[in-house]
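> Below is a structure I'd like to ask you about.
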Amino acid sequence: MRFLRAVCLTALLSSAAGCAALSTGQAGEPEYASEADANIRLGDEALERKDYLQAEKYFEHVRTKYPYLDVANEAELKLADLDFAQERYAESREKYQSFIKLHPTHPRVDYAAYRAALSHFEDIPSDFFLVPPSTEKDQTEVRAALVALNDFVRQYPNSQYLGEAKQKLEQTREKLAEHEMYVASFYARRERWKAVAQRLESLLKNYPGTKLEEEALFDLHDAYVRLNDAERAKQTLQRVIERLPGTPAAERARRMMGS
């Protein structure tokens, strides 16, 4: 009896697994439409329901079966989008960049360029609560995002994605400024004031206008005071007045200068 129940249970699990495979499109080839556009639409629908394997089959079918039609180029972009949707950012970036090289005059080349840049941004370390904050992690992808987004803004000033790209670029600059501030604070706790000043000068030079500007300027003034560099400390207060005119910070700097 136990053996019989075990056999029945095995059969039931196998059946359930088979149904799951069918529901996610993992069993065999899909039923392709007779027209390329229809297959693109079917692939989009599969992608929308996160049936990635089926979506890939539809897009790949269009790319290989209709290589000389414009829709094949669209399929190439869809395959890159498919990787992006699965957070396979390096793979998606490679496909977008390949599309740009192969089709430099295509109407959607700006889309490919933006998504390639965005793949760096989306790959930036997150602030998951169980791990150290992103400011303490490796900043390679953040810097790559800064370069890629800057390049996009410069190369595609008329793109419909320009506004989004500028927003992401500003967020990237903020993240890098936060990292510089984190490193400066690290050195300050160890009273390495020269290193503090170097980091803060780098922040102010490379990422001007961020929300950290006021804090960075006053921390820089403090670092120069601790280094007994009265002239640079005074110059830093003057920079507060010049860079943040008409603000409480500027008024504070004037009081500190005795004027």
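FYI, it's all coordinate maths here, none of it is from the lab. Predicted model only: the values in this text are computed from it and were never measured. No Cβ is skipped: glycine too gets one built from the backbone with ideal geometry, and neighbour counts run over all protein chains shown.
> Excluding residues on the same chain fewer than 8 positions from Lys234, give the lysines whose Cα lies under 17 Å from its Cα.
Lys194
> Tally Lys/Arg at +1 and Asp/Glu at -1 over every other residue whose Cβ is under 12 Å from the Cβ of Leu77; what's the total?
Numbers: positive: Arg63, Lys78, Lys95, Arg108, Arg115; negative: Asp44, Asp70, Glu74, Glu76, Asp81, Asp83, Asp110.
With Lys, Arg at +1 and Asp, Glu at -1, the neighbours total -2.
> I'd like the projected area of segment 118-259, averaged over all directions, using the convex hull of its alpha carbons. Report it in nm² with one decimal.
10.3 nm²
> Let me have the relative contact order for segment 140-223, percent, based on Cα pairs under 8 Å that are six or more residues apart.
Rounded, it is 25 percent for segment 140-223.
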